[in-house]
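Participant: Just dropping this structure here.
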Amino acid sequence: MSIAIPAEDPRHIPNRAVVDPAAITHNTRAVRSLLEEQTALMAIVKADGYGHGMLAAARAALEGGATWLGAAHPASALALAGAGLDVPIFCWLYEPVTAAEVLPQVIEAGVDVSVGSARMLRLVSEASRAVDRRARVHLKIDSGMGRNGVLPSEVAALGEAVSEDEFVHLVAAWTHLSSADDPADPETDRQVDEFDAACEILGQETGPVPLRHIANSAATISRPDLHRDIVRPGIALYGYPPLPMPDGKRLRPAMSLTSRLALVKDVPAGQRTGYGHSHTAAEPTRLGLVPIGYADGLHRAASGGVDVVVRTRTGDQLARQVGRISMDQIVVDLGPESRAQAGDEVLLFGDPASAVLDEGTAPTADDWARAAGTIPYEVLTSVSARVGRQTAPRGSAS
Ligand SMILES: Cc1ncc(COP(=O)(O)O)c(C=O)c1O
């Protein structure tokens, strides 16, 4: 006999990913202000809006001036199309088995799809015939990333096939940059030259290419010459610009990860903490137990590398996470004088402006990324399904 395990009820778990849509709107507006009037902003809301909730992120970005939405998977794009958002939606990542199921619906819904190979063109064309609707296609050119897309040497053949197919309509040519977050890397210019040359060849087969898009957040921020017709920022909209904003404008981290202290206890000098005893208290101190761990999305590789904020009765304080991060829990060193008590809120990461601290600043997803040797994209998208999602009350942000 199997025993049903009840789903974990978020009311019984303190861990929360609190998302502030106003921050996404603010960030989109700030990125939008870098663009010429005629350049469109496609908000990238793949991976459930980088973990923030796809629909909420999409709506907030549209409020901030986005006029396109982009998601990797056709199924996500279909969900966006079903939400009645009334803007063009673009998706680019699919394979034949699941595409056979989803592409007809996607094309029927009027969603734009990427084509980066003869096989993908066949899939799209067959799906279009099935629903008797012309597909809107963005031809993906692999200018050097070496992932999705047609190599420049094969652009002419694919362009010819596109122009001969009455069931597809070429809307755009596009590419993706491998190294835009390093402005000194000449690879970006090399890719762009490759892309521009391939677009010339494509145009000879298809006639003028209506739209072109290249720029992710890094290129949107640092390379106005690459904005072309549409830019595709993702991470900047969530508050983590990969390069400083040119006008010094501050973007606001849109997600806060919070928990609560489960236990506070005084320990003597020499107290060791966690698996493998990687931490030993040098002095008598007060430790706090926080019921959140790597199964909630904290990166174990960040163990011992981040100060979190504890909101005590007498104000916010920083506390170093000590010892190994466990599956469900971490320990923080509150210091011997701390006024913290069980039940106090803990801010694992979020907007630094949301904490009032005498020294230091509240941690961001960037701090966790640095400590774990990864990128904020991974920190944000790792927050797991068992963490309750909550929308920040309006006007709560700085
Ligand atoms: C095709 C494509 N365009 C745009 C983006 C947005 O990139 P970023 O989040 O660095 O702005 C991504 C994300 O990796 C992507 O895959």
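Participant: Looking for whichever is modelled with pLDDT under 95 and surrounded by 17 or more Cβ atoms within 10 Å (Cβ to Cβ) here; the options are 21, 14. Which one fits? Talk me through it step by step, then tell me what you get.
Facilitator: On the way: 21 fails: modelled with pLDDT under 95.
Going through 21, 14 in turn, just one is modelled with pLDDT under 95 and surrounded by 17 or more Cβ atoms within 10 Å (Cβ to Cβ): 14.
Participant: Pull up the stretch 174-199, narrow it to residues that are without any contact (Cβ under 8 Å) to a residue 40 or more places away in the chain and within 15 Å of the ligand (Cβ to nearest atom), then point me to the one that is nearest to residue 243 (Cα to Cα).
Facilitator: Residues of the stretch 174-199 without any contact (Cβ under 8 Å) to a residue 40 or more places away in the chain: 175, 178-179, 182, 184-186, 188-189, 193, 196.
Filter again for within 15 Å of the ligand (Cβ to nearest atom), leaving 175, 178-179, 182, 185, 188.
Numbers: 175: 20, 178: 15, 179: 12, 182: 8, 185: 14, 188: 15 Å.
Selected residue: 182.
Participant: Those residues that are buried (at least 18 other Cβ atoms within 10 Å of the Cβ) and either in contact with a Lys or Arg (Cβ under 8 Å, 6 or more places away or on another chain) or not polar (S, T, N, Q) (or both), I need them from the stretch 318-334; list them, please.
Facilitator: Across the stretch 318-334, the qualifying residues are 318, 319, 322, 323, 324, 325, 330, 331, 332, 333, 334.
Participant: So residue 153 fits all but one of (1) crowded, with 17+ Cβ neighbours inside 10 Å; (2) not in a loop (DSSP other than H, G, I, E, B); what number is the exception?
Facilitator: Just one mismatch for residue 153, condition (1).
Participant: Anything in the stretch 348-375 that is aliphatic (A, V, I, L, M), under 28 Å from residue 266 (Cβ atoms) and in contact with a helix residue (DSSP H, G or I) (Cβ under 7 Å, 6 or more places away or on another chain)? List them, or say none. First the steps, then the outcome.
Facilitator: At the first step, the residues of the stretch 348-375 found to be aliphatic (A, V, I, L, M) are 348, 353, 355-357, 362, 365, 369, 371-372, 375.
After this cut, where a residue has to be under 28 Å from residue 266 (Cβ atoms) as well, the list is 348, 355-357, 362, 371.
Within the stretch 348-375, 362, 371 qualify.
Yes/no per residue for (1) basic (Lys, Arg); (2) in contact with a Pro (Cβ under 9 Å, 6 or more places away or on another chain); (3) open to solvent by less than 10 Å² (accessible area, probe 1.4 Å):
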| residue | (1), (2), (3) |
| --- | --- |
| 111 | no, yes, yes |
| 115 | no, no, yes |
| 132 | no, no, no |
| 142 | no, yes, no |
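Participant: Take the residues in the stretch 29-56 that are closer than 22 Å to residue 92 by Cα and hydroxyl-bearing (Ser, Thr, Tyr), then tell me which one is surrounded by the most Cβ atoms within 10 Å (Cβ to Cβ). So that I can check it myself, show each step before the final result.
Facilitator: To start, the set of residues in the stretch 29-56 that are closer than 22 Å to residue 92 by Cα comprises 39-56.
Applying the additional criterion that residues be hydroxyl-bearing (Ser, Thr, Tyr) yields 39, 50.
Values: 39: 18, 50: 25.
Within the stretch 29-56, the match that is surrounded by the most Cβ atoms within 10 Å (Cβ to Cβ) is 50.
Participant: Something else now. Just one of (1) open to solvent by 10 Å² or more (accessible area, probe 1.4 Å); (2) outside any loop (DSSP other than H, G, I, E, B) trips up residue 384, so point out which.
Facilitator: Residue 384 satisfies all of (1) open to solvent by 10 Å² or more (accessible area, probe 1.4 Å); (2) outside any loop (DSSP other than H, G, I, E, B) except (2).
Participant: Among the residues in the stretch 188-195, are any open to solvent by less than 20 Å² (accessible area, probe 1.4 Å), at pLDDT 95 or above and within 23 Å of residue 32 (Cβ to Cβ)?
Facilitator: Narrowing the stretch 188-195 to residues open to solvent by less than 20 Å² (accessible area, probe 1.4 Å): 188, 191-192, 195.
Subsequent filtering for residues that are at pLDDT 95 or above retains 188, 191-192, 195.
Pick out the ones that are also within 23 Å of residue 32 (Cβ to Cβ) and you get 188, 192.
Scanning the stretch 188-195 turns up at least one residue that is open to solvent by less than 20 Å² (accessible area, probe 1.4 Å), at pLDDT 95 or above and within 23 Å of residue 32 (Cβ to Cβ).
Participant: Sticking with this one: Has the stretch 260-278 got any residue that is within 16 Å of the ligand (Cβ to nearest atom), buried (at least 18 other Cβ atoms within 10 Å of the Cβ) and part of a loop (DSSP other than H, G, I, E, B)?
Facilitator: Our first condition is that a residue be within 16 Å of the ligand (Cβ to nearest atom); within the stretch 260-278, this holds for none.
The answer is no; no qualifying residue exists.
Participant: Among the residues of the stretch 338-357, which ones are touching a residue at least 40 places away in the same chain (Cβ under 8 Å) and open to solvent by 50 Å² or more (accessible area, probe 1.4 Å)?
Facilitator: If the condition is that a residue be touching a residue at least 40 places away in the same chain (Cβ under 8 Å) and open to solvent by 50 Å² or more (accessible area, probe 1.4 Å), then 341, 342, 345, 353, 354, 356 are the ones that fit.
Rundown of residues vs (1) more than 13 Å from the ligand (Cβ to nearest atom); (2) at pLDDT 95 or above; (3) in contact with a Phe, Trp or Tyr (Cβ under 9 Å, 6 or more places away or on another chain); (4) closer than 14 Å to residue 141 by Cβ, yes/no style:
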| residue | (1), (2), (3), (4) |
| --- | --- |
| 201 | yes, yes, no, yes |
| 209 | yes, yes, no, yes |
| 213 | no, yes, yes, yes |
| 216 | no, yes, no, no |
| 221 | no, yes, no, no |
| 248 | yes, no, no, no |
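Participant: Moving on to the next point. I'd like the residue in the stretch 279-298 that is part of a loop (DSSP other than H, G, I, E, B) and surrounded by fewer than 20 Cβ atoms within 10 Å (Cβ to Cβ) and, out of all such residues, is nearest to the chain's Cα centre (by Cα). Give the derivation first.
Facilitator: Taking the stretch 279-298 first, the residues part of a loop (DSSP other than H, G, I, E, B) are 281-284, 291-293, 297-298.
Narrowing further to those that are surrounded by fewer than 20 Cβ atoms within 10 Å (Cβ to Cβ): 281-284, 291, 293.
Details: 281: 37, 282: 39, 283: 40, 284: 41, 291: 25, 293: 21 Å.
Among them, the one singled out is 293.
The values are calculated or read from the model by the stated rules, or taken from the named source; none is laboratory data. Computed from a prediction, not measured in an experiment: that's the story for all the values here. When we count neighbours, we look across all protein chains shown, and the Cβ atoms used for this are built from the backbone with ideal geometry, even at glycine. Remember, those area values only see protein heavy atoms, side chains included, never the ligands or the DNA or RNA. Shrake-Rupley method; radii C 1.70, N 1.55, O 1.52, S 1.80 Å.
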